[in-house]
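A.B. asks: Dropping a structure here in structure tokens format, bear with me for questions.
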Amino acid sequence: MSQTKNILIIDDHPLFREGLKTIVERDKRFKVVGEAGNGRQGLKMARQLKPDLSVVDISLPDINGVQVATEMRSYLPDTKIMIVSMHSKIDYIAEAFQAGATGYVAKDSASDRLIQGIESVLKGEYFLDSSVSHQVVEKLMKFPVKDAKITDADYGSLTPREQEVMRLLAEGSTPKEIADKLCISPKTVENHRANIMKKLGIHSTMELVRYAARLGLIDVELWKE
């Protein structure tokens, strides 16, 4: 994380936004480039600013953080999303991760915990605040993959390169990161991703994560810190 990372804060509480901005900008690696008080404004700013990370409150006055994450991921796939909330409603958190967020931090967490979450999410890792992580991991892993008949044999139908791309996707790497790692183009990564989803009958990255975890392809402990 050598260059300064740009961060967008989407939260309807001005005092929290100001406090978070102060905490974030104490670290010279990060810069808050925008602040929004509701979801629609946040999405508009995200399109304009293309931040490295969006910190999104799950409870917003117009659309909630889950909807924001869903829309943002659709047109800014390389922007990381970290959810912050006063509440630890497991269903909301699980939905947020399914929508594309890769981090969750409680608003009352210590400042170093917030920074730790930002660091992890920007590195492509999953981050869950310790107060809820164990419950959320269990909840996520209990959600059934849509096609319950998926087996090891389905995984065996993937080419070696598709298996490699699948593991990296499940670990949270972006298409660009995978392309750089494998020395292929991002477009080729997207083609592999589409083929993987089609062959396995999987329809979202979260389903892919759960499937990969069940096969033992990734370390579920990634979800616990």
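We did not get these values from a lab; they are worked out from the coordinates using the rules stated. What you see is a predicted model, and the numbers here were worked out from it, not measured in a lab. Neighbour counts are summed over all protein chains in view; Cβ atoms, including those assigned to glycine, are modelled from backbone coordinates with ideal geometry.
A.B. asks: Pairwise over distinct Cα atoms, reciprocal of the mean inverse distance: report the Kirkwood radius of the stretch 45-100 in Å, one decimal place.
C.D. replies: Mean inverse Cα-Cα distance, inverted, gives 11.3 Å.
A.B. asks: Just grab the label-to-label distance for T188 and D108, each label 7 Å out from Cα along the Cβ direction, in nm (one decimal).
C.D. replies: It is 5.1 nm.
A.B. asks: Taking the alpha-carbon set of the stretch 1-48, what are its Rg and Dmax in Å?
C.D. replies: 11.0, 31
A.B. asks: Follow-up. What are the semi-axes of the equivalent ellipsoid of the stretch 1-126, taken as the square roots of 5 times the eigenvalues of the Cα gyration tensor, listed largest first and rounded to whole Å?
C.D. replies: Semi-axis lengths for the stretch 1-126 are 18, 16, 15 Å.
A.B. asks: Among the listed pairs K28/K176; K5/K80; K123/K176, which are separated by more than 22 Å between their Cα atoms?
C.D. replies: The pairs that break the limit, which is 22 Å between Cα atoms, are K28/K176.
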